[in-house]
Amino acid sequence: MNSEKMGPVQPWWRIRMVWLAFGGPALVVVASFVTLFFAIHGRDRPLAETGAAEADSNTPAMQARNHVVTPRR
């Protein structure tokens, strides 16, 4: 091929398609670290158990939720 027909060769960072190809996966990696940060620092606190909650139909769900977030001894 004749290099005069192709034009001057540009460095890779000047080609827009390269930024599109690398930018998407890089954005996903950054978003996964943000999600990991929120998962570690934003955990739920156990709910206070009251006598009124026992009569509620959500009692088994609340007990399971509290059991999951309670630290092991």
Margin query: What distance in nm lies between label points placed 7 Å from Cα along the C-beta direction at Phe37 and Arg14?
Written below: 3.5 nm
Check: Each residue of the range 22-35 in turn: what ³J(HN,Hα) in whole Hz from Karplus with 6.51, -1.76, 1.60 and θ = phi - 60°, glycine and Pro shown as x?
Finding: 8, x, x, x, 5, 5, 5, 5, 5, 5, 5, 5, 5, 5
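Coordinate-derived values only; no laboratory data. Keep in mind it's a predicted model, so treat the numbers as computed, not measured. Heads up, the Cβs are rebuilt from the backbone with ideal geometry, glycines too, and the neighbour counts pull from every protein chain shown.
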